[in-house]
Amino acid sequence: MTELQKARKGIISPAAKTIATKEGLDAETVSRRIAEGKIAVVRHDGKILGIGQGLSTKVNINIGTSTDKVDLSLELRKLKLSCHYKTDTVMDLSTGGDLRAIRRKITKASTVPVGTVPLYQAAIETVAEKKSFVKMTEDKLFDVIEQHAQDGIAFITVHCGVTLKTMERLRNNPRAMMVVSRGGVFSLCWMVANEKENPLFAGFDRLCDIARKYDLVLSLGDGMRPGSILDSTDPSQIEELITLGDLTRRAWDAGVQVMIEGPGHIPLNEVPANVMLEKKLCNGAPFYVLGPLVTDIAPGYDHITSAIGGALAGWHGADFLCAVTPSEHLSLPGVDEVVEGLMATRIAAHAADIAKGVPGARAWDRSMDKARRTRDWKGQKQFCINPERFAELHGKYHSASRDVCTMCGKYCAMKLVEKALMKTG
């Protein structure tokens, strides 16, 4: 039985108990939300992660090769550092090299759940057979999906909502940036060339059969996500979201866990409404957002652009943030960019947790504040989100054992007020 099926039968599973303990909730509440589809359970080598309502906001980082740079050792270094800096999940989005071999090595080396996009492999292997990717067969796609499940993948992105109807919406309402999702474009091109419905939509029952067999979480992809704030919350995006809401209910009826992927490039004022729409149309299913990026003018700094949108989205109910690196829109990210993107997104997730009252979120800040007030540098390093970065900057101009930092030096506000109050008290 899947976690959803167990919960709907009233069984409080070991996974539900594990999540409850980690999150400071009672197991009955967690199990009920799993049964309602509001919490999804992903796992890796016996480790359990809950994503959804009432839980801490989770963070994903993308890694993977490209057709221009196939370097598995580089991707494994990204993975190692991502796990070190406490990502909750990773996604292997590789498009270059032996994709199954790369995926297996990443999955084996990972200490966190791994997600993938099987459509990439199905399309790229079709090209390797000296064909256009639009010649990919439906059986090929579903065979690859099952292969990913067999290899221990925890969740897969499937662009089921990119349908003939969605495509018609796009034709009738052209966009500034048209379609920026790689999976969305693969799906559209396949439908145009074959004059057929998207196999992931037409064969959704077949997809659910595979997912139920392996308790594979379906992350229903946002193939029509806006790639420009000029395209945000438009008919194509909303058409896809309505379809994903219908498919969510079908998946739940089949005993399959679901997450919903969201935009994309969205101006700040539209972020709360986008979260509300997803929660309403998809009956509270966990919401997994890329960013959102709240402006288009910051290539090289889109980890910041994304963190701004992610904090707001998380506050209003998004459950899972996909990190964006400084290399977004520019290049395959290196190790440093992956770390920068991950840290920015973890900060956004924690800020959201404070705002929405997640149990234990403020306690972390209280511990840091106590150490700051007493100028306990060792304690501050301990409670810092990135202790290595803390040590690097704090020791930049002076000994780490000094009582004050070099920003204020002998005019340290906390030290001065401490002396003043002691003198007058």
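The table that follows gives values for the structure above.
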read-out	value
Residue, farthest from residue 70 (Cα to Cα), within the stretch 339-379, restricted to residues that are of a type in the set (Ser, Thr, Tyr) and modelled with pLDDT of 95 or more	367
Answer residue from the stretch 168-188, given it is within 21 Å of residue 117 (Cα to Cα) and part of a helix (DSSP H, G or I) and is farthest from the chain's Cα centre (by Cα) among those	188
Residue list for the stretch 374-394, restricted to those being assigned to a loop (DSSP other than H, G, I, E, B) and of a type in the set (Asp, Glu)	376
Considering residues of the stretch 144-161 that are part of a loop (DSSP other than H, G, I, E, B) and within 20 Å of the chain's Cα centre (by Cα) only, the residue surrounded by the fewest Cβ atoms within 10 Å (Cβ to Cβ)	152
Residue in the stretch 260-276 that is among the β-branched types (Val, Ile, Thr), on the phi < 0 side of the Ramachandran plot and touching a residue at least 60 places away in the same chain (Cβ under 8 Å) present	no
Test: residue in the stretch 271-287 that is in contact with a helix residue (DSSP H, G or I) (Cβ under 6 Å, 6 or more places away or on another chain), surrounded by 24 or more Cβ atoms within 10 Å (Cβ to Cβ) and assigned to a strand (DSSP E or B)	yes
Residue tally, condition β-branched (Val, Ile, Thr), in a helix (DSSP H, G or I) and crowded, with 18+ Cβ neighbours inside 10 Å, over the stretch 209-261	4
Residue match in the stretch 394-404 (condition: surrounded by 15 or more Cβ atoms within 10 Å (Cβ to Cβ), aromatic (Phe, Trp, Tyr) and without any contact (Cβ under 8 Å) to a residue 60 or more places away in the chain)	no
Boolean, residue 310 is touching a residue at least 40 places away in the same chain (Cβ under 8 Å), surrounded by 15 or more Cβ atoms within 10 Å (Cβ to Cβ), at negative phi and in contact with a Leu (Cβ under 6 Å, 6 or more places away or on another chain)	yes
Selection count, the stretch 199-229, where residues are among the β-branched types (Val, Ile, Thr) and in contact with a strand residue (DSSP E or B) (Cβ under 6 Å, 6 or more places away or on another chain)	2
Test result for residue 130, out of contact with any Leu (no Cβ under 9 Å at 6 or more places or on another chain) and not in a helix (DSSP H, G or I)	yes
Residue among 417, 404 that alone is over 38 Å from the mean Cα position of the chain (by Cα), farther than 21 Å from residue 84 by Cα, in a helix (DSSP H, G or I) and β-branched (Val, Ile, Thr)	417
Unique match (being more than 19 Å from the chain's Cα centre (by Cα), at pLDDT 95 or above and not polar (S, T, N, Q)) among 241, 218, 230	230
Sole exception among (1) closer than 20 Å to residue 382 by Cβ; (2) without any contact (Cβ under 8 Å) to a residue 60 or more places away in the chain for residue 360, by number	(2)
Residue within the stretch 324-338 that is at pLDDT 95 or above, surrounded by 24 or more Cβ atoms within 10 Å (Cβ to Cβ) and outside any loop (DSSP other than H, G, I, E, B) present	yes
Residue within the stretch 189-197 that is modelled with pLDDT of 95 or more, closer than 21 Å to residue 115 by Cβ, among the aromatic types (Phe, Trp, Tyr) and in the same structural domain as residue 149 (by TED's automatic domain parsing) present	no
Filtered residues of the stretch 81-105 (kept if closer than 20 Å to residue 303 by Cα and either in a helix (DSSP H, G or I) or β-branched (Val, Ile, Thr) (or both))	81, 82, 83, 84, 87, 89, 90
Candidates 50, 64, 37, filtered to the one that is under 23 Å from residue 251 (Cβ atoms) and either touching an Asp or Glu at 6+ places or on another chain (Cβ under 7 Å) or of a type in the set (Val, Ile, Thr) (or both)	50
Qualifying residue in the stretch 250-263 (condition: modelled with pLDDT of 95 or more, aromatic (Phe, Trp, Tyr) and over 19 Å from the mean Cα position of the chain (by Cα))	yes
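Listed here are the residues, each with its yes/no results for (1) without any contact (Cβ under 8 Å) to a residue 40 or more places away in the chain; (2) crowded, with 21+ Cβ neighbours inside 10 Å; (3) not assigned by TED's automatic domain parsing to the domain that holds residue 211.
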site: 26; (1), (2), (3): yes, no, yes
site: 69; (1), (2), (3): no, no, no
site: 74; (1), (2), (3): no, no, no
site: 77; (1), (2), (3): no, no, no
site: 85; (1), (2), (3): no, no, no
site: 89; (1), (2), (3): no, yes, no
site: 104; (1), (2), (3): no, no, no
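The values are calculated or read from the model by the stated rules, or taken from the named source; none is laboratory data. Everything quoted here is computed from the prediction, not taken from an experiment. Quick reminder, even Gly has a Cβ in these numbers, built from the backbone with ideal geometry, and neighbours come from all protein chains shown.
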